[in-house]
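**Student:** My questions all concern the structure below.
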Amino acid sequence: MRIHRTAAFGAVAVTAMAMVLSGCSGGSSSGSTAAADSEPVAGGALTIARTGQNVSDLDPVAKTLTSNNAYTLDKIFDTLTTQDGDGALQPSLATEWKASSDGLTWTFTLRSGVKFSNGDALTAKDVVYSIERHLKVGGALPLSAPITGVKAVDDGTVEVKLSKAYTPLATELATFASSIVPDDLDGKSEKDFFADPVGTGPFKVGTWDKNSSTFELVKNTNYWQSGKPYLDSVSYTTVSDDNSLVQQLQGKQVDVIQDVPMANVAALKSNSALTVDTVGSWNQDQVFFNTSDGPFANRDLRRAVAQAVDRATLTQTTTFGTGTTGTTYIPATVRYSDQSADILKYDVAAAKADLAKSGVAAGTTVKLLVESGSQARGQQAQIIQAALKEIGLTVEIEQKDSATFWTTFPSKDYEFALTTVIADTGDPDNVTYWQVDSHGVSDSFHTGYQSDEVDKLAAQGRETPDGDARKDIYAKIQQLVAQDSPTLSLDYAANILSTQSSVHGIELIPNGTLQLQDAWIAQ
Amino acid sequence: MRSWARASGRLIAYAVAVTLAVVVLAFGLSRAMPGSALSAQLGSHATDATRQQLAAQLGLDRPWWSQLGTLLRNLITHGDVGPSMVNGESVRSAITARAGATLSIVVLAMLIAVLLATAIAVVSATHQNRWPDHVLRVVLSAGIAVPAFWLGLLLVLLFSVHLRWFPVAGLGTGPAAWLRSLVLPAVTAAVGIVPLLARSLRAQLLEVLHADFVVAARATGLSSRRILLRHLIPNAALPALTLVGTNLAYLIGGTFVVESVFTIPGVGDLMFRSITNRDSTTITGIVIYTAVLVVVVNLLTDLVVRLLDPRLARGGAAL
């Protein structure tokens, strides 16, 4: 899934000046917000500033799912399963789940004693309704699982029938779009229900004016984790410029900021009144080649580009040391990511050899389409330009803002493109299905990549239960994809969170959301 | 007075024509932008069916003339351009909800700019071609050259992050906090137009300074201070008033940028978000309402100047 972030207007000069003025010296690192040894204190209002759009819709299966809508949904609703800070699957509304030996019937045991924020008890009916609604509506993040039926066995058990074995089911049901809503939306219309939704999550909507850049959540007193959440309320502000995020935190106007500009991390770490938390994410800055048309339909040319770019240096420079070097299309934080699949290593001589083999003349111009709005991506494009000049290719960089990029890129009106993408889950099938499986919804993420062998293995990977056999399948896929090089993972970015040091217990999930049920503010 | 009415009628007809042209232009330009509300909002997993559903829901599947027709009908019957493409709320109410913040900055910035420009112009004109004049000229050039977002960030770092005199961003609640949160944005916006105002006012003052009646006044032995207050400023003020009117558009544009730096939830902030989302309905709405505001203020300025200036009241050419 692509998560939308508003373009930052900050320029290099401004950031540099800001760092000079704020007395940036780099230096000491501070601990994680989760590492608090004292007892949590109940009460208080937490303020969070973030970039992006105002919350516009709280329907989990809405046609548009912006990052801020998604990151609000999981405070109000729960899912059957959930993913923790390491991306591992954990129980949530379901305490247990089990697939039959043929993999066609899944049984979910629901947690007992869970209530919605209006006091009604959660039953299997609510879960059946929610999954059926997701199947019927589809929305921005439709279910890929081949579900043929969902039924309530009893009040506390739900059975899901599949037409084919599908290992990622439990992970897929942990995504935002699989939020559990009350049966028949409590008899209300969609419009009325989602204006003030009822869920089982730690918070419920406090004040929400679509025309205001602030959004407030208040404590759900019926929350199933007793004594939680500690906070009385959480107030979000959306800003359109990430320089303002840092300033608001330094000026003590907010407690927490998300989407910290990477250039500012060192300065924030050197400030003892603040805490900086950096966690591996499912994000990656990635180059996609148009393999169906134009110069990069030539496999040798793609391989030449892959070997010409020094990804380690690129990562270090453009993420200011916060990211990890890209190796394979499955981010390092996702299960079965195979580092040995990094076959086309940085090697200028090999790149030149592959260029010669491709038959593309030296001095040929290739066009790199770049989604603007991130300082790092702009620099990465320039590094690629310089690297390809080394082997004799001229790169013309075309920077387009998000709305334009996402019109041009999906219509395949590009040669090669650079953007940031994020996996929806920690299961390797997710990113495999939409990036390299030609049966996925987006034609191998608009690259047009098609390999019968990869398609076959991807189908097997979906059906094989977790374990060594499944791990081998994804290792093979990653090797094959690396050889064909339809994409090039430059770096795996980190999620960066910075807070006042009085804030504790926030957990940052690799998909970018913050878990707040354990968060508290020291007096 | 009849000729004043005739001239005014001409001005009003002109204002209506400009407004109509703006409506068509705003609609055309917001549609001509590359990218669409669909690509800005749909995730990469969206199927073609979802894309078509959203297009139909937003009216983007209809031909342009049909969309323009809906816009004109909405404008005439409701004074609205329709629902936002992002959240489905009325664009008019979105703009009116945010107009207070923007207009406050504009008015405050205009006050600051007029006071500052008058002070600078008086000092410059009375010290023509001597060092205070030279220094101020350099300062004014710098004022034009400094981009508003850069100046805004620097002011925030100094006065908000370090000195903590003003909030870093956002609008304060309660009258005092509210005014305090508008000071830095207003100063930033004002800096953009002070040079223009000060330069023209200086030129006007110099012209009046050498006029016969000033020489006569000086000959009668009036003090310089009295000449300045009673003769110079009132005579230079009329052209300056026109200038304030024409600079309003520039100031509103500047305020839009300033709002995004200070995270003021005003119309400018909405404009930036709408452009990012290709919410062409909201963009069109903001352009139309802003243009109408500018046209009306310019019209009023013209009418007032014509009333105050006896030469123009007799039907002379506009300034």
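**Student:** Starting from the Cα gyration tensor of the range A:313-451, take the square roots of the eigenvalues, sort them a ≥ b ≥ c, and report rounded, prolate or oblate (rounded when a/c is under 1.5, otherwise prolate if a/b is larger than b/c, else oblate).
**Tutor:** Values: a/c = 1.33, a/b = 1.23, b/c = 1.08.
Cα axes put the range A:313-451 in the rounded bin.
**Student:** Counting only helical runs of four or more DSSP H residues, what would the 222 nm mean residue ellipticity of chain A come to if each run contributes -39,500 (n - 2.57) and the total is spread over all its residues? It would help to have the intermediate numbers written out before the result.
**Tutor:** Values: 16 runs with 152 residues, N = 523.
So the calculated ellipticity at 222 nm is -8500 deg cm²/dmol.
**Student:** Could you derive backbone 3J(HN,Hα) for the range B:87-95 from the dihedral phi with the Karplus parameters 6.51, -1.76 and 1.60 (θ = phi - 60°), listing whole Hz in sequence and x where the residue is Gly or Pro?
**Tutor:** With the stated coefficients, the range B:87-95 comes to 10, x, 7, 4, 5, 4, 5, 4, 6 Hz.
**Student:** Give me A:Asp184, A:Asp74, A:Asp255 ranked fewest to most by other Cβ atoms within 10 Å of their Cβ, as a rough exposure proxy.
**Tutor:** On the way: A:Asp184 12, A:Asp74 26, A:Asp255 22.
Result, fewest neighbours first: A:Asp184, A:Asp255, A:Asp74.
**Student:** How do B:Leu115, B:Leu205 line up, fewest other C-beta atoms within 10 Å first? Can you show the working numbers first?
**Tutor:** Numbers: B:Leu115 12, B:Leu205 23.
Final ranking by Cβ density, sparse to dense: B:Leu115, B:Leu205.
**Student:** A follow-up question, please. What list of ³J(HN,Hα) values in whole Hz, one per residue of the range A:257-267 in order, does the Karplus curve 6.51 cos²θ - 1.76 cosθ + 1.60 (θ = phi - 60°) give from phi, with Gly and Pro shown as x?
**Tutor:** 10, 10, 6, 5, x, 4, 5, 9, 4, 4, 5
**Student:** Along the positive direction of the dipole of chain A (beta-carbon charges: Lys, Arg +1; Asp, Glu -1; about the Cα centre), which of A:Thr404, A:Ser235, A:Ala387 reaches farthest?
**Tutor:** A:Ala387
**Student:** Find the relative contact order for the range A:283-492 and round it to a whole percent, using C-alpha pairs within less than 8 Å whose residues are 6+ positions apart.
**Tutor:** Values: 400 pairs, mean separation 74.2, N = 210.
Relative contact order of the range A:283-492: 35 percent.
**Student:** Right, here's the next one. Please arrange B:Arg73, B:Arg306 by counting, for each residue, the other beta carbons lying within 10 Å of its beta carbon, fewest first. Write down the numbers at each step before the final one.
**Tutor:** Values: B:Arg73 11, B:Arg306 22.
By the 10 Å Cβ count, ascending: B:Arg73, B:Arg306.
**Student:** Let me know the shape class of chain B, please: from the alpha-carbon gyration tensor, a ≥ b ≥ c as square roots of the eigenvalues, rounded when a/c is under 1.5, otherwise prolate if a/b is greater than b/c, or oblate.
**Tutor:** Values: a/c = 2.95, a/b = 1.60, b/c = 1.84.
Since a/c reaches 1.5 but b/c is at least a/b, the shape of chain B is classed as oblate.
**Student:** Additional query: Could you work out the Kirkwood radius for the range A:124-262, taking every pair of different alpha carbons, averaging 1/r and inverting it, reported in Å?
**Tutor:** On the way: mean 1/r = 0.0555 Å⁻¹.
One over the average 1/r among Cα pairs gives 18.0 Å for the range A:124-262.
**Student:** Would you pull out the residues with amide H under 5 Å of A:Leu368's amide H, same chain only if 5 or more places away, H placed 1.01 Å from N?
**Tutor:** For A:Leu368, whose amide H was placed from the backbone, the distant partners under 5 Å are A:Glu396, A:Ile397, A:Glu398.
**Student:** In debye to the nearest 20, how big a dipole does the range B:1-158 give about its Cα centre with +1 on each Lys and Arg Cβ and -1 on each Asp and Glu Cβ?
**Tutor:** Values: 11 positive and 5 negative charges, 113 e Å.
Rounded to the nearest 20 debye, it is 540 debye.
**Student:** How many angstrom lie between the C-alpha centres of the range A:378-392 and the range A:237-288?
**Tutor:** 28
**Student:** For the range A:283-492, with the dipole built from +1 on Lys and Arg beta-carbon atoms and -1 on Asp and Glu ones, taken about the Cα centre, which of A:Thr447, A:Tyr346, A:Gly467 lies farthest toward the positive end?
**Tutor:** A:Tyr346
**Student:** Moving on to the next point. Where nothing but the Cβ of Lys and Arg (+1) and of Asp and Glu (-1) is charged, how large is the charge dipole of the protein assembly as shown around its Cα centre, in debye to the nearest 20?
**Tutor:** Details: 64 positive and 74 negative charges, 888 e Å.
Around 4260 debye, computed over the protein assembly as shown.
**Student:** Starting from the Cα-Cα distance between A:Gln483 and A:Ala469, subtract it from 0.36 nm times their residue separation and give me the gain in nm to one decimal.
**Tutor:** Numbers: separation 14, 0.36 × 14 = 5.04 nm, distance 2.16 nm.
Going from the current span to full extension adds 2.9 nm.
**Student:** In addition: Could you pull out which residues in the range B:4-21 have an amide N less than 16 Å from a spot 7 Å beyond the Cα of B:Leu68, following the Cα-Cβ vector?
**Tutor:** Residues passing the 16 Å test: B:18-21.
**Student:** For the range B:226-231, in order, what is each residue's ³J(HN,Hα) by Karplus, 6.51 cos²θ - 1.76 cosθ + 1.60 with θ = phi - 60°, in whole Hz (x at glycine and Pro)?
**Tutor:** Taking θ as phi minus 60°, the curve returns 5, 4, 4, 6, 8, 10 Hz for the range B:226-231.
**Student:** I'd like the distance separating the alpha-carbon centroids of the range B:1-32 and the range B:97-145, in whole Å.
**Tutor:** 30
**Student:** Mind jotting down the distance between the C-alpha centroids of the range A:91-152 and the range A:172-217, whole Å?
**Tutor:** So the two Cα centres are separated by 17 Å.
**Student:** Treating only the Cβ of Lys, Arg, Asp and Glu as charged (+1, +1, -1, -1), what charge dipole size does the range A:283-492 show about its Cα centre? Round to the nearest 20 debye. Display every interim value, and only then the final one.
**Tutor:** Values: 18 positive and 29 negative charges, 95 e Å.
Its charge dipole is roughly 460 debye.
**Student:** Just want the answer: with Cβ charges of +1 for Lys and Arg and -1 for Asp and Glu, which residue in A:Thr313, A:Ile48, A:Gln250 is farthest toward the dipole's positive end in the protein assembly as shown?
**Tutor:** Positive-most Cα among the choices belongs to A:Gln250.
**Student:** For chain B, what does the helix formula give at 222 nm: sum of -39500 (n - 2.57) over DSSP H segments with n ≥ 4, over the residue count, nearest 500 deg cm²/dmol? Display every interim value, and only then the final one.
**Tutor:** Working: 14 runs with 241 residues, N = 319.
So the calculated ellipticity at 222 nm is -25500 deg cm²/dmol.
**Student:** Quick check on chain A: take the gyration tensor over C-alpha atoms, sort the square-rooted eigenvalues as a ≥ b ≥ c, and tell me if it's rounded (a/c under 1.5), prolate or oblate.
**Tutor:** Numbers: a/c = 1.98, a/b = 1.24, b/c = 1.60.
Oblate, since a/c reaches 1.5 and b/c is not below a/b.
Taken together, the values in this text are just the output of simple stated rules run on the coordinates, not laboratory data. These figures come from a predicted structure and were not determined experimentally. In this analysis, Cβ positions are derived from the backbone assuming ideal geometry, glycine residues included, and neighbour counts consider all displayed protein chains.
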